[in-house]
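As structure tokens, the structure follows; a few thoughts come after it.
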Amino acid sequence: MTAKSQHSWTGDPAELLRVGAGFRLADVDPDATPGYDGGRKRSERDLAEGAAELDELQERLFAESRSGATSASVLLVLQAMDSAGKGGIVRHVIGSVDPQGVALTAFKKPTPEELSHDFLWRVERRLPAPGFIGVFDRSHYEDVLIGRVRALAPADEIERRYGAINEFEKRVTDAGTRIVKVMLHISADEQKARLMERLDRPDKHWKYNPGDVDERRLWPQYMDAYQTVFERTSTEHAPWHVVPANAKWYARLAVQALLLDALEGIDPQWPAATFDVAAEKARLAAT
């Protein structure tokens, strides 16, 4: 079902964007806006209304966890080529909820300590606590994406990691965490335009990384690596969703809808008072 606060979807984004059997990344049009016919202007209204619902659901989840009534949490995994809009998702979607209930991790190059452990060691340490929305800006999937493209690990180790990821995510979801895995899919031309904009604007120079050009030269290899990731790790308990992201407004709305779907599925409730409300009102009035 679509989120209660988003009215212009013609289909359920959780199903429309889900990676299923026979999925081919090459068939996804990065310019498309599947299931949404409201256009950019309408999307701004839907995003604002969805933000209010997301904020309330997150607070209810946090409150319910503090009472011990639930161990549920949500983990948003964001993967994409550089400049695809992960930062915009964090600012415009996650930024609409109370930051006290958000755990954001931007995984960087592994440290020597992290490299001394299995690749999932540092990831498990950053899983969201009950009541939280966790966000992974890049994730354990880097270890089977750049790890494969750049041959940072032997082929048999990359192969092992797909199974390890599936087992890890099954254990995490069994413990009460809803995993929302999203690949923001932009075209190579759109990435080129966004990177050029960073070079044209002095206020964007800090976001530019010369290494992004080197990675662009490996675009076909990355698309193949993503295709394998989807085939090997889109599971019933933790499916992948591929979001066309050339239109930033659509990507933000779609990711918000996926988060709302996860939280509505949990259906957190305000915890009941553990004290006599009437008695406390009387005591307060007497002060």
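The values are calculated or read from the model by the stated rules, or taken from the named source; none is laboratory data. All values derive from a computational prediction rather than experimental measurement. As a convention, Cβ positions derive from the backbone with ideal geometry for all residues, glycine included, and neighbour counts pool all protein chains shown. Heavy atoms of the whole protein, side chains included, go into the accessibility calculation; ligands, DNA and RNA do not. Shrake-Rupley method; radii C 1.70, N 1.55, O 1.52, S 1.80 Å.
Numbers below:
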read-out	value
Residue in the stretch 150-163 that is modelled with the highest pLDDT, counting only those that are buried (at least 16 other Cβ atoms within 10 Å of the Cβ) and either more than 24 Å from the chain's Cα centre (by Cα) or hydrophobic (A, V, I, L, M, F, W, C) (or both)	Ile158
Tabulated pairs, the stretch 134-148, first farther than 28 Å from Gln100 by Cβ and touching a residue at least 40 places away in the same chain (Cβ under 8 Å), second among the β-branched types (Val, Ile, Thr) and surrounded by fewer than 21 Cβ atoms within 10 Å (Cβ to Cβ), C-beta under 7 angstrom, 6+ apart or interchain	Val144/Ile158; Arg148/Ile158
Residue among Tyr250, Tyr226, Tyr222, Tyr208 that is of a type in the set (Ser, Thr, Tyr) and free of Cβ contacts under 8 Å to residues at least 60 places away in the same chain	Tyr208
Matching entry among Ala225, Ala188, Ala247, Ala193 (being within 28 Å of Gly50 (Cβ to Cβ), within 23 Å of the chain's Cα centre (by Cα) and small (Gly, Ala, Ser))	Ala247
Matching helices (runs of 4 or more DSSP H) fully within the stretch 169-287 where at least 3 residues are modelled with pLDDT of 95 or more and farther than 24 Å from Gly87 by Cβ	219-233, 248-266, 277-285
Filter result (aliphatic (A, V, I, L, M), open to solvent by less than 60 Å² (accessible area, probe 1.4 Å) and under 19 Å from the mean Cα position of the chain (by Cα)) within the stretch 49-73	Ala51, Leu54, Leu57, Leu61, Ala72
Some residue of the stretch 34-41 being outside any helix (DSSP H, G or I), closer than 26 Å to Glu142 by Cα, modelled with pLDDT of 95 or more and not hydrophobic (A, V, I, L, M, F, W, C)	no
The stretch 39-56 residues that are within 10 Å of Leu260 (Cβ to Cβ), paired with ones that are open to solvent by 40 Å² or more (accessible area, probe 1.4 Å) and not small (Gly, Ala, Ser) (beta carbon under 8 Å, 6 or more apart)	Glu53/Lys4
Failed item in (1) buried (at least 21 other Cβ atoms within 10 Å of the Cβ); (2) touching a strand residue (DSSP E or B) at 6+ places or on another chain (Cβ under 9 Å), with Arg252 passing the rest	(2)
Counted residues, the stretch 85-140 - those being part of a helix (DSSP H, G or I), open to solvent by 60 Å² or more (accessible area, probe 1.4 Å) and either more than 26 Å from Pro268 (Cα to Cα) or of a type in the set (Asp, Glu) (or both)	5
